[in-house]
1. What would the Debye equation give as log₁₀ I(q)/I(0) for the chain at q = 0.07, 0.08, 0.09 Å⁻¹, counting only Cα atoms as equal point scatterers?
2. Given H placed on each backbone N at 1.01 Å, which residues far from Leu62 in sequence or on other chains put an amide H within less than 5 Å of it?
3. Compute the label zone of Asn407 within the stretch 429-454: residues whose backbone N is under 18 Å from the point 7 Å along Cα-to-Cβ.
4. Can you list residues from other chains, or at least 5 along the same chain, whose modelled amide H is less than 5 Å from the amide H of Met13?
5. Based on DSSP, what percent of beta bridges with both residues in the stretch 10-187 are antiparallel, to the nearest 5?
6. What helices does the chain have that are whole DSSP H segments, at least 20 Å long along their own axis by Cα, and with mean Kyte-Doolittle hydropathy of -0.5 or more?
7. Quick one: if you stick a label point 7 Å off each Cα along the C-beta vector at Phe422 and His509, how many nm between them?
8. Please compute the net charge surrounding Val138, taking Lys and Arg as +1 and Asp and Glu as -1 over other residues with Cβ under 10 Å from its Cβ.
Amino acid sequence: MASQDSSIKKLAMIGCGSMGGGMALLFASKGIHVSLQDPSVEAMDTIIASAEKSTDVPASMLSKHADYESLCNSLEKPKVFVWSLPHGSVGDGVLEKLMPFLEKGDVIIDCGNEHWQNTERRQGKCVVRGIRYVGCGVSGGYQAARRGPSMCPGADDETLPLVLPTLRKVAAKDPDGKPCVGRVGTGGAGHYCKMIHNGIEHGMMSAITEAFGIMKVGLDMSLDDIGDVFEQWNAKGELEGTFLVWISRDICRTEDPETGERVLDSVEDKVVQDYTGEEGTGIWSNTEAVERHVPAPTLTTAHYIRLASGDRRQRAKIQAAFGVGSGKPNDEHTSVFPPQKLEGVADRAAFLEDLRMAVYTACLAAYCQGMIIIEKADKDYHFNIDYAELIQVWKAGCIIQADYISNRLLAPLYAQQSASNFSANPLYHKDVTGDLKRGVPHLRSVVAKSIGADQVVPALSATLEYLKYQTSTDLPTSFYEAQLDYFGKHMFDRKGDDVEGAPMTGKHHFEWKAA
Ligand SMILES: NC(=O)C1=CN([C@@H]2O[C@H](COP(=O)(O)OP(=O)(O)OC[C@H]3O[C@@H](n4cnc5c(N)ncnc54)[C@H](OP(=O)(O)O)[C@@H]3O)[C@@H](O)[C@H]2O)C=CC1
Ligand SMILES: O=C(CO)[C@H](O)[C@H](O)COP(=O)(O)O
């Protein structure tokens, strides 16, 4: 591996599906020989056939291998393996079978969406044999896998310098040509941050989806007009260069060439990834938020509508119990509380501006909530996160790419990481809070009108609530604390008792009613 330019000349790609296939071609296009391994011979043949058709990948840069012995024999020492596998037991099984062929110094770069604790467990197994295991979250979907994804690696500080020169060659580049990969942190930090990336992704997706619903039904706009709005939002201002807004434009406009109909009109309203177990990042990121005691309602509420959406049959049955529909999922597309046209929108352009700012505010809140989870995890798990590198990773090639948020707010903030009074919590920084404050009147207006018209706005409304409760030191939760003390003798602090440091049990109990 470590020849003159210290970059990798040969590697094995284990897992040749949509991501692995794209990355295999990408590595090969950069002059790296890629040995393919996948249970499906067809998957490997498809990659080789794509290389034959391509102009940038000589098919001779790829070889396919039926077993690990042949795969390992095709590599140079130290051997380098890139994994693009489903999470969990698949990776454990591959590691077990691969172990007999591994030697000191060999490197595994796990580019799947693995749970960070699995990553650390495997790092522990590998390190005792001198094998290096990098947990490298990859983002951007299968198209980016082929042309340059955003890459989020975590491992010990001796291992990362060995793989970074190669990852820099293939990773997405920001507009200044700087690669979107870097030293994110130690241990499972790479997979941890990718997991939170996906949590942020879900919050942003929901906010944009809710805005779509508002425009479609609440304003009775055509798909073409909605596509135009997304295009304008993406072109300038706070949502400038937001990947998810950009693809939303395309989603509105794309027609099926066979039918001439909009593809979107044929898509059923269920997100099933959490049910199929195909992906786990949504569940893990929200579980982490709660376990780290970080309120992340934009992410969590986005996840709840996803969960509700996934089981369409259950929704149909519940709907019938409310007295609407037949209870059979495919009979009707209807609602117990059908969304209606918005009332009180005299000036559509002004409302669309409110909507743009509401979506921005929710996207920024999603980013903030994600960064606060990472900050807390960094302290609890000692990831030693390099925040500036992490924001660089997310500057291009990834699903949460949001140019304004990263360039104008987060990159300048995280450039100060070495300052003695630095905090990675974006809500302690005035540029960020200034923008959130500016967003609130727009968000309030959109949420109020939407609620009046039964529009489905979980992430937008949860963001508004979040900004209210996370910024208040006068919450109605005095009452909650009193309830706890009444029935459970859980104690409370009196007003003015609060002190610096971690939250502690209160010092007082009141005998509200004699036992
Ligand atoms: N799709 C996306 O947009 C993104 C996905 N990811 C992550 O990347 C990873 C791969 O995802 P994706 O490419 O979409 O999934 P795919 O299902 O398309 O690819 C996974 C591949 O792994 C293969 N595989 C399964 N078991 C083994 C094994 N024991 N040895 C070798 N190969 C095996 C599968 O083969 P077979 O089909 O025959 O079982 C399949 O070809 C996942 O962790 C995913 O979460 C990350 C970012 C984006
Ligand atoms: O990791 C990804 C993007 O970043 C993948 O696209 C992933 O499949 C998305 O799935 P989910 O919405 O369940 O996280």
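Nothing in this text is a laboratory measurement; each read-out follows from the coordinates by a stated rule. It should be emphasised that the depicted structure is a prediction, and the values quoted were computed from it without experimental measurement. Cβ coordinates were reconstructed from backbone atoms using ideal geometry, including for glycine residues, and neighbour counts include every protein chain displayed.
1. Listed by q, the Debye log ratios stand at -0.44, -0.57, -0.72.
2. Val34
3. 432
4. The answer is Ser35, Leu36, Gln37, Val82.
5. Of those bridges, close to 25 percent are antiparallel.
6. The answer, listed by residue number, is 189-213, 348-381, 430-452.
7. 4.6 nm
8. That sum, taken over residues with Cβ under 10 Å, equals 0.
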